[in-house]
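A short write-up of the structure that comes next.
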């Protein structure tokens, strides 16, 4: 018994020593605590932020995004249009895959062939390759893409499809065909990526191990063509619960965490060993209406007509809301009041747009003019676990609307319920959030404010059927305009009109927060991605 | 013995089938997983194609029939989220959970039985009060709170143990074990302790009550009269008698520890099955939820069977027969 005790004590002492060594930041290793786990290491399997963000370390795309989601060169060094529907991409020379093979246009064609055809994919990348009618490679470093009509979004959309190695996956010379590509051999399965055989990319890092639920280990790709990344080894650990994630940082288990819960921000800031970096995200939190039903779900005492079809009612609701108060009190200052669906510095936004100020008196007057001097009853639906403080924001909105005589009850539910019900059009009035992969105004207006049109893929997140001919026409025109300056102006105009019509009511933009050891520095990104390549040592 | 076995097997299958049906229908009623899975940017066309890819376009009874058919071949479906067989996903995570549960079990027996026995032998001492009061505390404190407090104390304040995760593992017979590395052990201590405290309290109380009762029995007096050493009386005869309720409870609790270590695994970001279950429920990953529960039911059936067998070893009067089961 005594001996066991001694051994146990020795082991305990040893563990103390070991942990004391573990406290120092090993100069070449970075450990990151993620708030969501990627579902696979196959970059074409699941179009979802955690996957895309992580796999950007391993695989690259033709084009890339800077921290404000403006398009910049990736594996394509430059691109231009030959005519309205033909694009020429000049590929970067001297790029090698981690297996040593050269990167060529054949790999691009192969990747675009596979992306829409992944078995069991819960959300595929097909939407981003659908506009392409043909792809050819006149020489190994030149790629021609054709679209059915003018398609200005092509350089943005190709930034979503990761480039795989055709050779490493057993394909030969690939010929593109929208129905069935030739020469592709057998596409690798998602499991082959998880296990690491197929995870051959050109990115700054390569996969060492993907151990589901536990960790993802990356090792620097020393043959990388671009700037050498600062860390030899990066370990990502999914710690999905917020409290334990913060604890892991404070305990020194990880060096950096993403999505710091607002309530812990002060505590981390007060600790001299850590710091917090915050950046505006492109995620907008908005309110939306049902325009289709004569009696929208949850609305009562509003007579026989749908009150939301009256612009004065929508304007009154917008005026009743004190966006500054929501940001200050509920978001703890960690958000930006919104005037539009996209932050002002991004593509197609109006730089001078100002968020509306609260005006309850004006709102009451508008309601009375619209024929509701005594208000009416409505239900505000919201998810309670999807966006930062979502249910509390909805509560605050309900109280603000109560001040102008609207009787609002909040129906908060878990996100899986919320999104299913929203698709079924069970809501009359709801709160939700939106962030796009591509980050220009068309990616906000097309799903949220354009008239739903199945064939065009418009209005996909506009189940209430908001419809404004002017907005639609401008959007249509913008989506056929190749010139960036002209397109941005058209989109800004469309956005101005939709906002002046109060078709969708933006509340605020979320901010993304990262917390890290004080020796580190991170450049915040509007797409909320956490990139090890952008973590540097603070100077 | 054979009749007993067959009967148990039939009962187990019935439970598994009933449970699978309930869960399948229940999760179906929760909502359509496509709204959680699909990228918000997807259009109608892509949405419809994804629904077809995942087989969600078919009516419930067809989906269930397909599930049953492949379940008979041992295939419990493919995860919606990960695109790999649900069973593989769970088996991948199983060693982590089993390891945690077994370490917790050993800890709880190691703490519980000596404590209970000691308190039972010295009912008037101060330490008895301390042990009994401690045990009440031990099973009234909520698991997640205890876990967080341990993290705050040992990881955040003292910085002697890691706050979570699994640490370094070593592969033995193709199974990854963290018991064999120092780093792994350090990661194991806090979650195992969190999981063990409640069971240890329970076992201590059972052992205490058992000891008090047994000491008054005829055979103990007889043994004393016969001149057996107190060490032998307590160490062999008393201990063996009090073990019967302890084994029953431990067996059942082992099942619940493996099956529902969910809270502890979430607090400690332990990559076990419980964490997988929570993530799957959140994402409505029905195949994984169903497969998980099927596996857990099978495990409970097996554990109960093992407990029955251990009884016969501890108490020769108990016989396994068809009637008794």
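The numbers here are math on the coordinates, done by the rules we state, and not lab data. Treat the numbers as computed from the prediction; the structure is a model and nothing was measured. A quick note on method: Cβ atoms are made from the backbone with ideal geometry, for glycine too, and the neighbour counts reach across all protein chains shown.
Over the Cα atoms of chain B, the radius of gyration divided by the Kirkwood radius equals 1.05; this is the Rg/Rh ratio.
If the elastic network links every pair of Cα atoms under 10 Å, which of B:41, B:49, B:11 fluctuates the most in the Gaussian network model of chain B? Most flexible of the set in this elastic network: B:41.
The mean sequence distance of close C-alpha pairs (under 8 Å, at least 6 residues apart), as a share of the length of chain A, puts its relative contact order at 18 percent. Exposure proxy shown here: for A:336, B:182, the number of other Cβ atoms within 10 Å sets the order, fewest to most, as B:182, A:336.
Where both residues lie in the protein assembly as shown, what percent of DSSP beta bridges are antiparallel, nearest 5?
Values: 63 of 81 bridges.
In the protein assembly as shown, approximately 80 percent of DSSP beta bridges are antiparallel ones.
On a per residue basis, the convex hull of the C-alpha atoms belonging to the protein assembly as shown measures out at 200 Å³. A convex hull fitted to the Cα coordinates of the range A:431-539 yields 148 cubic angstrom per residue.
Contact order, relative form, for the range A:28-161: 27 percent (alpha carbon pairs under 8 Å, 6 or more residues apart, mean separation divided by residue count). Here the sum of -39500 (n - 2.57) over DSSP H runs of 4 or more residues, divided by the residues of chain B, equals -23000 deg cm²/dmol at 222 nm, to the nearest 500. The Rg/Rh ratio of the range B:173-242, with Rg taken over Cα atoms and Rh as the Kirkwood radius over Cα pairs, comes to 1.26. Put in line by how crowded their Cβ is, counting other Cβ atoms within 10 Å and starting with the fewest, B:266, A:147 read A:147, B:266.
Where the centre of each part is set by its Cα atoms, how far does the range A:113-134 sit from the range A:287-305, in angstrom? Cα centres, the range A:113-134 to the range A:287-305: 38 Å. To the nearest ten degrees, helix B:239-259 and the longest principal axis of the Cα atoms of chain B are 20 degrees apart. Counting only DSSP H runs of at least 4 residues, each contributing -39500 (n - 2.57), and dividing by the residue count of chain A, the helix-based mean residue ellipticity at 222 nm comes to -8000 deg cm²/dmol. In chain B, the longest principal axis of the Cα atoms and the axis of helix B:86-121 are about 20 degrees apart. Which of B:155, B:101, B:65 moves the most in a Gaussian network model of chain B with Cα springs under 10 Å? Maximum fluctuation in the GNM of chain B, among the listed residues, is at B:65. The modelled label-to-label distance for the pair residue A:277/residue A:192, using points 7 Å beyond Cα in the direction of Cβ, is 3.7 nm. If you take the square roots of the eigenvalues of the alpha-carbon gyration tensor of the range B:125-168 and sort them as a ≥ b ≥ c, do you get rounded (a/c under 1.5), prolate (a/b over b/c) or oblate? Judged from the Cα gyration tensor, the range B:125-168 comes out prolate (a/c at least 1.5, a/b above b/c). Here, the range A:311-433 is characterised by an Rg to Rh ratio of 0.98, where Rg is the alpha-carbon radius of gyration and Rh the Kirkwood radius. For the range B:135-274, averaging the sequence separation of C-alpha pairs within contact (under 8 Å, six or more residues apart) and dividing by the residue count gives a relative contact order of 29 percent.
In this simple spin-label model, placing a label point 7 Å from the Cα along the Cα-to-Cβ direction at both residue A:208 and residue A:96 gives a separation of 2.1 nm. Where does the Debye-calculated log10 I(q)/I(0) of the range A:165-264 sit at q = 0.19 Å⁻¹, using only Cα point scatterers of equal weight, no solvent? Values, matching the q order: -1.01. Using Cα atoms only, what is the angle between the long axis of helix B:182-215 and the major principal axis of chain B, expressed in degrees (0 to 90) to the nearest 10? The angle comes out at about 50 degrees. Classification of the range B:1-98 by its C-alpha gyration tensor yields a prolate form. The axis ratio a/c (a ≥ b ≥ c) is 1.5 or more, and a/b outweighs b/c.
When chain B is treated as a GNM with alpha-carbon contacts under 10 Å, the residue of B:216, B:117, B:89 showing the greatest mean-square fluctuation is B:216.
Pair-distance distribution of the range A:265-329: all C-alpha pairs, bin width 10 Å, starting at 0; shares per bin in whole percent are 15, 31, 23, 14, 12, 5, 0.
With labels modelled as points extended 7 Å from the Cα through the Cβ direction, what inter-label distance (nm, one decimal) is found for residue A:534 paired with residue B:152? Calculated label separation equals 3.4 nm.
For the range B:49-115, the alpha-carbon coordinates run over 59, 21, 18 Å along the three principal axes, in decreasing order. Expressed in Å, the radius of gyration and Dmax of the Cα atoms of the range B:201-318 are 20.1, 66.
Length, then width, then depth: along the principal axes, the Cα atoms of the range A:216-346 run 67, 39, 28 Å.
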